[in-house]
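The values are calculated or read from the model by the stated rules, or taken from the named source; none is laboratory data. Quick caveat: nothing in here was measured; it's all calculated off a predicted structure. As a convention, Cβ positions derive from the backbone with ideal geometry for all residues, glycine included, and neighbour counts pool all protein chains shown.
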Amino acid sequence: MISLKQLQTLDAVVRGGSFQTGAKALHRSHPSVINLMRSLEKEIGLALFDRSGYRTRLTEAGESFYKHALRVLKEQAELESLAGFLQEGNETRLRIVIGDITPLDETLRLLRGFAQRHPQVQLDLDFENLSGPRERLLDGEADLIIHHLDPSDPRFEYQTLSTVKIIPVAAPGYLGFAPNSNTRYAELRPYTQCIIRDTARRIEKENHFILDEAHCITVGDQHTKKSIIVQGMAWGHMPDFMVNRELEEGGLISLEGRRIKGSAVNIVAARLADGHKGKMAQHLWESFTVMVNAAENMASAFY
C-alpha cells in the first residue's frame, strides 16, 4: 500500500532535483530515501525516475504519478489543517439570512473577505423578505441576519451597516395624471400596486405602504418587482440603490411628495442578544464591527 511517507519523500526528491537534496530536506539519510523510492516503484510497478543522467528526473509515467501525488498531499495538508481547526472548537458552518432590501454587492464583499480569511467555514446564505429574516433568527435557523429590524426589540443586538431609502416609483405615463408633491395615496388606489410577499411562516407579518382595497401584484423578490414597475404594469416602493439609475435616466419617476412618503431604513447585522455564540460566528460579528468603525472614522475625517 502506498504511504504518505513515500509520497512526501517523492515530493522532496522532485523539488530538490536529487535523492541527496531530498534527503537533506527531510533530515533523513541518503540510502533511506533511495530505499523508500525503490519500494514505491515496486509497489506501483512503475519506474518513476530516469536515473541515466546527472540529475534525477521523472519518467513520463513518473510525471503523471507525481501530479496525482501532489493532489493527495494537498488534501492531506488540508485535512490536518481542518483537524486543528476543529480541535480549537471552531464551527465549520455559518447560516446567514439576507433581507430583500439589503444592498447585496456590499454585503457579499464583506462576506468574501471573511471567507478568504477562514476557508474552513462554509457560509450558507439564504434570502428572505420582510419578516422572514427575523423569524429565521428567532427560530434558531440563522446565526446572523443582514436586514432591518426594530432597534427597540431587546431580543436582538445589532450593528448598523448602511441606510437604504425606500422610494415610491412608477414608469412614466403609467398613471393617468402627472403626479406632483401634493399627490395623495387615494389618487393611486385605482392603479395596480406591486408588493413583496412576506416569507415569514408564523410570526405577524409586516405591512409596509400597502393600500387597502387596491389591486395588487404580489411577487417573491425585488428584482421581479422592479421589472414589473419598469414595464408599466404597476407602481410600488423600491430601495433606492436598485432604481437610482432609472430615476436619473427617466426610466422611472418618483412619486414621493408631501403626502406620499418614502422611508429611510437602517440595514443592520443582527443576532440574538442571548444564547451561545460560536467562535467563527463571533469572528464574523467582529468583522462587521471593524467595517462599521472604519466607515465612522472615514466619515469623521471629512468634518
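Take Glu187 and decide whether it is assigned to a helix (DSSP H, G or I), of a type in the set (Asp, Glu) and more than 20 Å from the chain's Cα centre (by Cα). Judged against the criteria, Glu187 is a match.
List, please: which pairs have Cβ atoms under 6 Å, are six or more places apart or on different chains, and start with a residue in the stretch 46-59 that is of a type in the set (Val, Ile, Thr) and end with one that is surrounded by fewer than 18 Cβ atoms within 10 Å (Cβ to Cβ) and at pLDDT below 90? Matching pairs, first to second residue: Thr56/Ser18; Thr59/Asp50. Quick one: in the stretch 37-94, which of the residues that are exposed (fewer than 14 other Cβ atoms within 10 Å of the Cβ) and of a type in the set (Asp, Glu) is modelled with the lowest pLDDT? For the stretch 37-94, the residue satisfying everything is Glu88. Residues in the stretch 181-217 that are surrounded by 13 or more Cβ atoms within 10 Å (Cβ to Cβ) and hydroxyl-bearing (Ser, Thr, Tyr): Thr183, Tyr185, Tyr191, Thr192, Thr199. In the set (1) in contact with a helix residue (DSSP H, G or I) (Cβ under 7 Å, 6 or more places away or on another chain); (2) part of a helix (DSSP H, G or I), the condition left unmet by Arg71 is number (1). Can you pull out the residues in the stretch 95-131 that are touching an Asp or Glu at 6+ places or on another chain (Cβ under 8 Å) and either hydrophobic (A, V, I, L, M, F, W, C) or surrounded by fewer than 18 Cβ atoms within 10 Å (Cβ to Cβ) (or both)? If the condition is that a residue be touching an Asp or Glu at 6+ places or on another chain (Cβ under 8 Å) and either hydrophobic (A, V, I, L, M, F, W, C) or surrounded by fewer than 18 Cβ atoms within 10 Å (Cβ to Cβ) (or both), then Ile96, Val97, Ile98, Val121, Phe127, Leu130 are the ones that fit. Return a yes/no flag: does the stretch 27-36 have any residue that is at pLDDT 90 or above, assigned to a helix (DSSP H, G or I), in contact with a Lys or Arg (Cβ under 9 Å, 6 or more places away or on another chain) and buried (at least 18 other Cβ atoms within 10 Å of the Cβ). Yes, the stretch 27-36 contains at least one residue that is at pLDDT 90 or above, assigned to a helix (DSSP H, G or I), in contact with a Lys or Arg (Cβ under 9 Å, 6 or more places away or on another chain) and buried (at least 18 other Cβ atoms within 10 Å of the Cβ).
Is at least one residue of the stretch 147-159 in the same structural domain as Asp221 (by TED's automatic domain parsing), at pLDDT 95 or above and not in a loop (DSSP other than H, G, I, E, B)? No.
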